[in-house]
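> Sharing a structure, written as structure tokens. Questions coming.
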Amino acid sequence: MPDTSVIHDIGYQRYAGARLGRAYAVRSLFEHGLRVSFGLGRSAKAKIFPWIVISLVTLLAVVGIAVRAQTGETFLPYQDLPSAASLLVLVFLAVVAPELVSRDLRNQTLPLYFSRPIQRSDYALARLAALLTASWLLMAGPQFLLFAGSAFTTGDGAGVWAEARGMLGGWVVSGIYALIFSSLSVLIASLASRRAFAAGAIVVVFMITTPIAGLFVALGGQGRLAQLAPMASPFMLPEGVRTWLYHTNSFDIGSFGPLYALVTVLLVAGCTLLLLLRYRKVSL
């Protein structure tokens with residue numbers, strides 16, 4: 001070392017703040033996923049599509065409120081809104097799910113996430129929870145708007161309470177739709193690093209299974225085949241659970257209501273398990 005060399009003190013210090021740990025990292029990942037779902041904190045271009053879908057679903061509730069205010073008739077019951085908006089929800093998930101998981105695969109940013117105190121399973125579950133919450137809010141928000149508009153047409157507290165119970169039932173149905181749709185969508189999206197491929201695969205899986213189930217329903221007539229076939233479609237499965245829970249007349253499920261609920265639980269659990277296995281095996 002030359003005699004003129006000098007060691008400068010540039011103020012380097014060890015981090016002495018609080019270690020927020022794994023739970024904080026997982027919560028931050030969930031919050032980030034939720035913001036990405038709605039384009040919050042991103043460019044105007046990223047906000048366009050999610051908010052177009054949100055506006056269209058909200059428009060359904062606004063039309064329902066307007067018709068009820070003018071005619072006094074219930075045009076769109078709370079529990080019917082998820083079914084009426086199911087195609088829009090699918091389009092929303094086909095765009096958002098690849099944004100959440102395929103982009104990280106494509107840009108190879110997973111090593112950055114896993115350099116933090118989170119496990120691979122934490123990443124997968126946080127992404128799934130964010131997509132589940134976003135899809136539920138997409139349906140539950142307009143249902144609350146429907147309640148806010150309909151409550152004014154009731155004349156007493158009993159009417160408001162009846163509307164509130166109807167809204168809570170609608171939120172349960174929205175939760176069933178969100179569980180089935182989001183678990184399937186995030187699993188499919190996690191298999192492709194290109195967002196376009198992932199979005200196309202999500203739409204294909206949902207759209208192909210529905211006419212097949214409809215064909216078996218038509219072939220089954222009034223028999224058991226027609227009562228069981230809707231379980232093969234992600235669009236019809238939640239309606240079967242709804243029929244069992246609330247005794248609605250969506251379609252005939254016979255005495256297979258508990259089986260619809262069991263298939264729903266197995267489908268969501270299976271998709272979650274496969275998602276965890278996918279991220280256990282994914283290369284960094």
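Quick grid of which residues meet (1) of a type in the set (A, V, I, L, M, F, W, C); (2) touching a Gly at 6+ places or on another chain (Cβ under 6 Å); (3) outside any loop (DSSP other than H, G, I, E, B):
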| site | (1), (2), (3) |
| --- | --- |
| ILE7 | yes, no, no |
| GLY17 | no, no, no |
| ALA25 | yes, no, yes |
| HIS32 | no, no, yes |
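> Would you confirm whether any residue within the range 273-282 is more than 20 Å from the chain's Cα centre (by Cα) and open to solvent by 80 Å² or more (accessible area, probe 1.4 Å)?
Yes; the residues of the range 273-282 include at least one that is more than 20 Å from the chain's Cα centre (by Cα) and open to solvent by 80 Å² or more (accessible area, probe 1.4 Å).
> Suppose we filter the range 22-64 for residues that are basic (Lys, Arg) and under 14 Å from the mean Cα position of the chain (by Cα); how many remain? Can you show your working first?
Taking the range 22-64 as the starting set, the residues that turn out to be basic (Lys, Arg) are 22, 27, 35, 42, 45, 47.
Imposing the further condition that a residue be under 14 Å from the mean Cα position of the chain (by Cα) reduces the set to 35.
Result for the range 22-64: 1.
> Taking the range 210-223 on its own, how many of its residues are in a loop (DSSP other than H, G, I, E, B) and open to solvent by 80 Å² or more (accessible area, probe 1.4 Å)?
Going through the range 210-223, the residues in a loop (DSSP other than H, G, I, E, B) turn out to be 221-223.
Now drop any that are not open to solvent by 80 Å² or more (accessible area, probe 1.4 Å), which leaves 222.
Total satisfying the criteria: 1.
> Out of the range 252-272, which residues are more than 15 Å from the chain's Cα centre (by Cα) and touching a residue at least 12 places away in the same chain (Cβ under 8 Å)?
ASP252, ILE253, GLY254, PHE256, GLY257, PRO258, LEU259, TYR260, ALA261, VAL263
> Suppose we filter ALA129, ALA164, ALA148, ALA201 for residues that are without any contact (Cβ under 8 Å) to a residue 24 or more places away in the chain, open to solvent by 10 Å² or more (accessible area, probe 1.4 Å) and under 19 Å from the mean Cα position of the chain (by Cα); which single one remains? Working first, answer last.
Numbers: ALA129 fails: without any contact (Cβ under 8 Å) to a residue 24 or more places away in the chain; ALA164 fails: under 19 Å from the mean Cα position of the chain (by Cα); ALA148 fails: under 19 Å from the mean Cα position of the chain (by Cα).
From the options ALA129, ALA164, ALA148, ALA201, the qualifying one is ALA201.
> If you don't mind, there's one more thing I want to ask. Within the bounds of the range 224-243, is there any residue that is touching a Leu at 6+ places or on another chain (Cβ under 8 Å), free of Cβ contacts under 8 Å to residues at least 12 places away in the same chain and open to solvent by 40 Å² or more (accessible area, probe 1.4 Å)?
Yes - at least one qualifying residue is present in the range 224-243.
> How many residues are touching a Phe, Trp or Tyr at 6+ places or on another chain (Cβ under 9 Å), part of a helix (DSSP H, G or I) and either among the β-branched types (Val, Ile, Thr) or open to solvent by 40 Å² or more (accessible area, probe 1.4 Å) (or both) if we restrict to the range 244-258? Can you show your working first?
Quick first cut of the range 244-258, residues touching a Phe, Trp or Tyr at 6+ places or on another chain (Cβ under 9 Å) only: 244, 253, 256-258.
Then keep just the ones that are part of a helix (DSSP H, G or I); that gives 244, 257-258.
From what is left, the residues that are either among the β-branched types (Val, Ile, Thr) or open to solvent by 40 Å² or more (accessible area, probe 1.4 Å) (or both) are 244, 258.
Looking only at that region, the number is 2.
> While we're here: Sort out which residues of the range 47-73 are free of Cβ contacts under 8 Å to residues at least 24 places away in the same chain and not basic (Lys, Arg), and write them in order of number.
Step one: filter the range 47-73 for residues free of Cβ contacts under 8 Å to residues at least 24 places away in the same chain, giving 47-48, 51-52, 55, 59, 63, 66-67, 70-71, 73.
Those that are free of Cβ contacts under 8 Å to residues at least 24 places away in the same chain and not basic (Lys, Arg): ILE48, TRP51, ILE52, SER55, LEU59, VAL63, ALA66, VAL67, GLN70, THR71, GLU73.
> State all residues of the range 1-47 that are of a type in the set (Ser, Thr, Tyr) and surrounded by 10 or more Cβ atoms within 10 Å (Cβ to Cβ); if no residue qualifies, say none.
Applying the first criterion (of a type in the set (Ser, Thr, Tyr)) to the range 1-47 yields 4-5, 12, 15, 24, 28, 37, 43.
Scanning the range 1-47 gives TYR24, SER28, SER37.
> Could you please find all residues in the range 58-110 being open to solvent by 60 Å² or more (accessible area, probe 1.4 Å), of a type in the set (A, V, I, L, M) and under 19 Å from THR154 (Cβ atoms)?
VAL62, ALA69
Yes or no, residue by residue, for (1) modelled with pLDDT of 95 or more; (2) under 15 Å from GLY33 (Cα atoms):
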site: GLU99; (1), (2): no, yes
site: ALA129; (1), (2): yes, yes
site: GLY166; (1), (2): no, no
site: ILE176; (1), (2): yes, no
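> Oh, and also: Can you tell me how many residues in the range 113-126 are open to solvent by less than 20 Å² (accessible area, probe 1.4 Å) and in a loop (DSSP other than H, G, I, E, B)?
1
> Kindly establish whether PHE235 is under 27 Å from ALA84 (Cβ atoms), among the aromatic types (Phe, Trp, Tyr) and modelled with pLDDT under 90.
Values: under 27 Å from ALA84 (Cβ atoms): yes; among the aromatic types (Phe, Trp, Tyr): yes; modelled with pLDDT under 90: no.
When the stated conditions are applied, PHE235 does not pass them.
The values are calculated or read from the model by the stated rules, or taken from the named source; none is laboratory data. Every value quoted in this text rests on a predicted model; they were computed, and no experiment measured them. A quick note on method: Cβ atoms are made from the backbone with ideal geometry, for glycine too, and the neighbour counts reach across all protein chains shown. To get the accessible areas, we keep the full protein, side chains included, count just its heavy atoms, and leave off ligands, DNA and RNA. Shrake-Rupley method; radii C 1.70, N 1.55, O 1.52, S 1.80 Å.
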